[in-house]
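A short write-up of the structure that comes next.
The values are calculated or read from the model by the stated rules, or taken from the named source; none is laboratory data. Keep in mind that this is a model prediction, so the values were computed, not measured. FYI the Cβ positions are ideal-geometry reconstructions off the backbone, even for glycines, and counts take in every protein chain you see. Surface accessibility is based on the protein's heavy atoms, side chains included, excluding ligands, DNA and RNA. Shrake-Rupley method; radii C 1.70, N 1.55, O 1.52, S 1.80 Å.
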Amino acid sequence: AATGRYFGTAVANYKLSDTVYSGILDREFNMITPENEMKWDATEPNRGQFSYGNGDRILNQAVSNGKRMRGHALLWYQQEPGWAQRMEGSDLRQAMMNHVTQVATHYKGKIYAWDVVNEAYADGGGGGRRDSNLQRTGNDWIEVAFKTARAADPNVRLCYNDYNIE
């Protein structure tokens, strides 16, 4: 990792017990990204009740093998827990900020970079925002998410993750 080049891969918690998979992971990659284990529905299945076990397991695998860890993703419309899917407005905004604060704080100093927001722009190349309950909390919700993550962990790299938006 001294070269500054990172070859990352997404890892699902259940794959860690596969010795062939783990061998390739340890030999070929120097940065790990969890597949679903750090998303909102996985880390806060009930409002205010956080569950980090699966994310911690992937983090521990990465750290014990000298890998960097990329957190994915603090906020994504697609994998919100059921309780958040039914929320809107300022109540959702407060829940969103609390979630980002709690998760980023839990992993403070352990994560190389966070995908703070995932896929907030609509498919199709029009450049507009995706219609989601997060977007309906206000046009500044992405900025608020990034500022909240920065306050929780001042030293982590903060990223926006998307596809097909060129």
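Worth a mention:
- Set side by side, the residues N164, N133 differ, and just one is assigned to a loop (DSSP other than H, G, I, E, B), open to solvent by 10 Å² or more (accessible area, probe 1.4 Å) and out of contact with any helix residue (DSSP H, G or I) (no Cβ under 8 Å at 6 or more places or on another chain), which is N164.
- Test: residue in the stretch 119-129 that is open to solvent by 40 Å² or more (accessible area, probe 1.4 Å), in a helix (DSSP H, G or I) and over 22 Å from N36 (Cα atoms): no
- Residue match in the stretch 118-130 (condition: free of Cβ contacts under 8 Å to residues at least 12 places away in the same chain, of a type in the set (A, V, I, L, M, F, W, C) and in contact with a strand residue (DSSP E or B) (Cβ under 8 Å, 6 or more places away or on another chain)): yes
- In the stretch 136-159, residue least open to solvent (accessible area, probe 1.4 Å) [restricted to those that are part of a loop (DSSP other than H, G, I, E, B), within 17 Å of L92 (Cβ to Cβ) and not acidic (D, E)]: G138
- Residue match in the stretch 130-145 (condition: more than 20 Å from E35 (Cβ to Cβ) and within 12 Å of the chain's Cα centre (by Cα)): yes
- Top-ranked residue of the stretch 65-91 - restricted to ones that are open to solvent by less than 50 Å² (accessible area, probe 1.4 Å) and of a type in the set (F, W, Y), ranked as farthest from Y160 (Cα to Cα): W83
- Of the helices (runs of 4 or more DSSP H) lying entirely inside the stretch 1-81, the ones with 2 or more residues being aliphatic (A, V, I, L, M) and at pLDDT below 95 are found at 19-28, 53-64.
- The condition (being free of Cβ contacts under 8 Å to residues at least 60 places away in the same chain and surrounded by 15 or more Cβ atoms within 10 Å (Cβ to Cβ)) is satisfied by just one residue among Q94, Q102: Q102.
- Candidates in the stretch 7-64 are the residues that are aliphatic (A, V, I, L, M) and open to solvent by 60 Å² or more (accessible area, probe 1.4 Å); of these, the one that is farthest from M96 (Cα to Cα) is V20.
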